[in-house]
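Readers should treat all values here as calculations from the given coordinates under stated rules, not as data from a laboratory. On a predicted model such as this, the values are computed, not experimentally measured, just so you know. Here the Cβ is made from the backbone with ideal geometry for all residues, glycine too, and neighbour counts use every protein chain on show.
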């Protein structure tokens, strides 16, 4: 099965959580909107407009697997998980991994909103005072609390993996969270990492896995930049 | 199977999307934290603290079904859907209903953030100017766009139901969204409803279904109030 991933071609964004799973598994996939030429992007926008499709997605990322087109990052990973051997196969295990991924999705929204608390339709510069307060609140309350939750889940499972006895897509997503927070908030993370030693170790181990290491060194891994979920603004990294 | 729902006892909040499904189906369930006495609330907080539980949830709502404890509103509905005959049984249909529910979860977060754009740990009064801007942006951009998306999905499916040929938990959630927005933003909704005639008609039909009608008239349906997702602030309802 050749999977087709549809996502914005210039950012890691939410699509990166899926790219990491496909790369770790060595899956056969096309990152449609990043193919040379304009056609990939046009194909993505047509699907979003609902043309010739029974179940039009609200927003990227979405995945085409044969006739199926599904959206929402966590749902795509829920679908791919057992197929890529990156999730437990039993119902309880699959639901647990999905539940953690949905909580990561909430965390991702909170991270995004540290720089865009008022609206994604306005520039950062138009919402700077609110962004400073939201970033402060993230590191003091909800962000700190959520990261602490994942640290406890990991330690409660033995410390090596968040779910079960082997690597899952949740671990890959934890890698991306730590990696992105290091880019966006280098100073704050330097202080905070001692509170989440397990997540940091997991990040480092994931980065060394041969398929991930090769991916990170390739051109397929887009660099972090100022248009994605994780953005570095000095004012927010007090 | 007697289901146990765990949710804050004084608000509709995210738990209400699950209550509506259980009520429509006439399911055997206990709203644990609302049982008389303190014990229900204590049981909920113990589960959240991870005591005696393999898969501790990050936050309510969560559902106990036999030995299984699962969290995240959309996941709980994904699990309950086929069991309560409120979702298609085939994989593609189940995933489509879940995808829509995850998009409703995003919408719910946006609605919540109209009154709490900076932090859930601060009072509304501490973030009023930001709330006014976020509410304005909600009705102009992302909220309006998401509601328009659900209107198109409904019309594209024939206009009677969002998914398939019969009522699903997604329809019940659409009811709750329209009902809550009417409470929180009566003036804005009065103007906006002409853009989503299908969703409004669906809301009205759901409200008349005998199990839902009985539920809404009962004491089990908590009234909207100023502690939930949907809150009425005059300043935000320009």
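Coordinate range of the alpha-carbon atoms in region B:91-209 per principal axis, descending: 46, 31, 25 Å. Working note: Cα atoms of region B:1-77, range along each principal axis, descending, whole Å: 32, 26, 23. Its convex hull of Cα atoms gives region B:32-161 a direction-averaged projected area, equal to a quarter of the hull surface, of 11.0 nm².
Measuring spread by the Cα atoms of chain B yields a radius of gyration and Dmax of 17.7, 51 Å.
Sequence-distant contacts, meaning Cα pairs under 8 Å at least 6 residues apart, place the relative contact order of chain B at 21 percent. Could you tell me which of rounded, prolate or oblate describes region A:175-219, using a ≥ b ≥ c as the square roots of the eigenvalues of the alpha-carbon gyration tensor, with rounded for a/c under 1.5 and, failing that, prolate when a/b is larger than b/c and oblate otherwise? Because a/c hits 1.5 or more and a/b fails to exceed b/c, region A:175-219 counts as oblate. Taking other C-beta atoms within 10 Å as the exposure proxy, B:18, B:212 rank B:212, B:18 from fewest upward. Between B:15, B:198, B:120, the GNM of chain B built on Cα springs shorter than 10 angstrom shows B:120 fluctuating the most.
Highest GNM mean-square fluctuation, chain A, Cα pairs closer than 10 Å: which of A:100, A:77, A:45? Comparing A:100, A:77, A:45 in the GNM, the peak value goes to A:45. DSSP beta bridges confined to chain A are antiparallel in about 70 percent of cases. Once C-alpha pairs closer than 8 Å and six or more residues apart are averaged by separation and normalised to the residue number of region A:115-238, the relative contact order reads 25 percent. How many percent of DSSP beta bridges within the protein assembly as shown run antiparallel, rounded to 5? Of all bridge pairs located within the protein assembly as shown, approximately 70 percent are antiparallel.
Of the beta bridges in region A:3-83, as assigned by DSSP with both residues counted there, near 70 percent are antiparallel. Working note: Cα gyration tensor of the protein assembly as shown, eigenvalues times five, square-rooted, sorted largest first, giving semi-axes of 32, 26, 25 Å. Inter-copy label distances at residue A:39, using a point 7 Å along Cα-to-Cβ, come to 6.8 nm with the shortest given first. Dividing the summed helix terms, -39500 (n - 2.57) for each DSSP H run of n ≥ 4, by the number of residues in the protein assembly as shown produces a 222 nm estimate of -17000 deg cm²/dmol to the nearest 500.
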